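Undergrad: Take this structure, written in structure tokens, and hold onto it; I'll ask about it next.
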Amino acid sequence: MGKACDCCGKAPQMGNSITTRGKAKYLGGVGTKITGITKRQFKPNLQRVRVTVRGANKTVRVCTQCLRSGAVTKLVRAAPFKLPTTEAVKAKGEKPKAEKPKTAKAKTAAKS
């Protein structure tokens, strides 16, 4: 199916579109009236997502509820850049970088 979620199978559903006219009673009117009912289609919010399935990357159409719930995890193309932490620096045996020396004004202010 083209318009169905590949994960949960959610597909378009039929429903009614209701047209009304008039002013609501709580706003001082005589109430709203239904002037027409027509058929309409409620479509799932499908997104194209690249996913790793059994070691192969492929594009699937998945509804947003499956993405938000974690039923499908997106493909990570490249690991994001991370700054080295102090624990990682200590493990390598390097000294962490020292802070910049304070200016003369800051030194005198700290003494007094």
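The values are calculated or read from the model by the stated rules, or taken from the named source; none is laboratory data. Please read these numbers as outputs of a predicted model, since none were measured by experiment. When we count neighbours, we look across all protein chains shown, and the Cβ atoms used for this are built from the backbone with ideal geometry, even at glycine.
Undergrad: Of all residues in the range 40-59, which are under 28 Å from Gln13 (Cα atoms) and in a strand (DSSP E or B)?
TA: The initial filter retains those residues of the range 40-59 that are under 28 Å from Gln13 (Cα atoms), namely 40-51, 58-59.
Listed by number, the residues that qualify are Arg40, Gln41, Phe42, Leu46, Gln47, Arg48, Val49, Arg50, Val51, Lys58, Thr59.
Undergrad: Give me the residue from the range 1-58 that is among the basic types (Lys, Arg) and surrounded by fewer than 11 Cβ atoms within 10 Å (Cβ to Cβ) and, out of that set, nearest to Ser69 (Cα to Cα).
TA: So the residue we want is Arg48.
Undergrad: Taking the condition of being in a loop (DSSP other than H, G, I, E, B) and farther than 12 Å from Cys7 by Cα, how many residues in the range 60-77 meet it?
TA: 4
Undergrad: Within the range 81-112, track down each residue that is at pLDDT 75 or above, of a type outside the set (A, V, I, L, M, F, W, C) and exposed (fewer than 10 other Cβ atoms within 10 Å of the Cβ).
TA: Correct list: Lys82, Thr86, Glu87.
Undergrad: If you don't mind, there's one more thing I want to ask. In the range 1-39, which residues are touching a Gly at 6+ places or on another chain (Cβ under 6 Å) and either part of a strand (DSSP E or B) or among the polar types (S, T, N, Q) (or both)?
TA: Thr19, Thr32, Lys33
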